[in-house]
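Working notes, beginning with the structure itself.
The values are calculated or read from the model by the stated rules, or taken from the named source; none is laboratory data. All of these numbers come straight from a predicted model, not from anything done at the bench. Using ideal geometry, Cβ is built from the backbone for each residue, glycine included, and neighbour counts are taken over all protein chains shown.
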Amino acid sequence: MPQEETFSKYTAAQGKHYAAVRPDYHTSVYDFVLEHTRFGPSTLAVDLGCGPGNVARALAPHFARVVGVDPADGMLETATQISLDAKNVVYRKGTASDFDLLIAETDATDATASTGSPVFIDLIASGNAAHWFDMPSFWPLAARVVRPGGTVALWTTGGLSIHPATVAATQVQAIMDDYEDKLEPYMNDGNRVVRDGYQDLLKPWDAGVMAFPQEQYVRKEWTTDEQFLQVGTMQADMPTMEKIMSTSSPYTRWCETHPSLKGTEQDLLRLVRRKVEAVQQAAGVEPGKESVRGLSLGAVLIFKKALK
């Protein structure tokens, strides 16, 4: 996967905006991950690509220590500010290719300095970030630092899906599909892996890493009858829809390419809003009352390290 170059440059203001509008994951996601976690004596979890720290904070009550790792100073500043009450959570700047060194620095008792033995981790968790990892280097590193019987849990949402209860749902979905097509030049392989629900994310055995047996691999997909995000079906008025959709990396790259259009009536998101308003008003919705409901879909991938 390509190195992430959008979120990693986030300022504190951008990190704050991201945290304010991006919904957290439903408790069923965390419950599923924890059901597949084998706790060792140190009960250490690592949240890779932690962003503003939602996953790290959700895991904190279940582990003695949680370390959030992210390459963006702005995200880490936001995460630290939000997590002041989570005393067992710390944040470190880094990536999925060097987090082992950061963990060892956080608590030297978990690493044997004389032998260079790595820290052992019970759970590596990553919500909507693994598509930015250098997976060929991540998997050998995970195999070294995850405790035997430990877990790597990677999860993602999918593409933009409109709930059928939305007014003019078929037309609104077509507008969203057209929007994603227009963003295609600003997408990279990581974005495309998200759209297919991590089906094409590099698995450890395909990277030649056999420490995570394929027969223990578990994939769970959330359906339209389940909640993947805390906000459920994400009922959003037009301003809220714009704010949520503005946090996507392809849109951010579009804005960087077209700074004079951002926030104008020619802004891609503003055009989406106007189209949705038009089709819903044609269906009888009062101006200013338009809203969309997004389906709360996603997938979690569980990789268990062999006991021996």
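Looking only at the range 185-224, which residues are in contact (Cβ under 8 Å) with a residue 12 or more places away in the chain, part of a helix (DSSP H, G or I) and either under 14 Å from F303 (Cα atoms) or out of contact with any Phe, Trp or Tyr (no Cβ under 7 Å at 6 or more places or on another chain) (or both)?
D189, N191, V193, V194, R195, A207, Q216, listed by residue number.
Could you look through the range 107-121, keep only residues that are crowded, with 17+ Cβ neighbours inside 10 Å and over 23 Å from D206 (Cα atoms), and pick out the one that is modelled with the highest pLDDT? Explain how you work it out, then say what you get.
Step one: of the range 107-121, the residues crowded, with 17+ Cβ neighbours inside 10 Å are 110-111, 118-121.
Of the ones still in play, those that are also over 23 Å from D206 (Cα atoms) are 110-111, 118-120.
Details: D110: 41, A111: 38, P118: 51, V119: 59, F120: 85.
Out of the qualifying residues, it is F120.
I'd like the residue in the range 61-106 that is touching a helix residue (DSSP H, G or I) at 6+ places or on another chain (Cβ under 6 Å) and small (G, A, S) and, out of all such residues, is modelled with the lowest pLDDT.
Restricting to residues being touching a helix residue (DSSP H, G or I) at 6+ places or on another chain (Cβ under 6 Å) and small (G, A, S), the top hit is S83.
Just to be sure, is D85 in a loop (DSSP other than H, G, I, E, B), over 15 Å from F120 (Cβ atoms) and among the acidic types (D, E)?
Working: in a loop (DSSP other than H, G, I, E, B): yes; over 15 Å from F120 (Cβ atoms): yes; among the acidic types (D, E): yes.
Answer is yes for this residue.
Tell me, yes or no, whether the range 235-256 has at least one residue that is assigned to a helix (DSSP H, G or I) and of a type in the set (F, W, Y).
Looking only at the range 235-256, we keep the residues that are assigned to a helix (DSSP H, G or I), and these are 238-245, 249-256.
Checking which are of a type in the set (F, W, Y) leaves us with 251, 254.
Yes: the range 235-256 contains one or more residues that are assigned to a helix (DSSP H, G or I) and of a type in the set (F, W, Y).
Looking at E242, is it surrounded by 16 or more Cβ atoms within 10 Å (Cβ to Cβ) and either of a type in the set (K, R) or closer than 29 Å to S28 by Cβ (or both)?
On the way: surrounded by 16 or more Cβ atoms within 10 Å (Cβ to Cβ): yes; either of a type in the set (K, R) or closer than 29 Å to S28 by Cβ (or both): yes.
So E242 fits the description; yes.
If you check D181 against the conditions, is it under 20 Å from the mean Cα position of the chain (by Cα) and surrounded by fewer than 16 Cβ atoms within 10 Å (Cβ to Cβ)? Step through it out loud before you land on a result.
On the way: under 20 Å from the mean Cα position of the chain (by Cα): no; surrounded by fewer than 16 Cβ atoms within 10 Å (Cβ to Cβ): yes.
Answer is no for this residue.
I'd like the full set of residues that are assigned to a strand (DSSP E or B) and either at positive phi or of a type in the set (D, E, K, R) (or both), limited to the range 128-159. Can you show your working first?
Residues of the range 128-159 assigned to a strand (DSSP E or B): 146-157.
Within the range 128-159, R147, G149 qualify.
The rows are residues; the columns are (1) among the polar types (S, T, N, Q); (2) surrounded by 21 or more Cβ atoms within 10 Å (Cβ to Cβ); (3) more than 18 Å from S248 (Cα to Cα).
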residue	(1), (2), (3)
L44	no, yes, yes
G51	no, yes, no
N54	yes, yes, no
P61	no, no, yes
V66	no, yes, yes
V69	no, yes, yes
M75	no, yes, no
A79	no, yes, yes
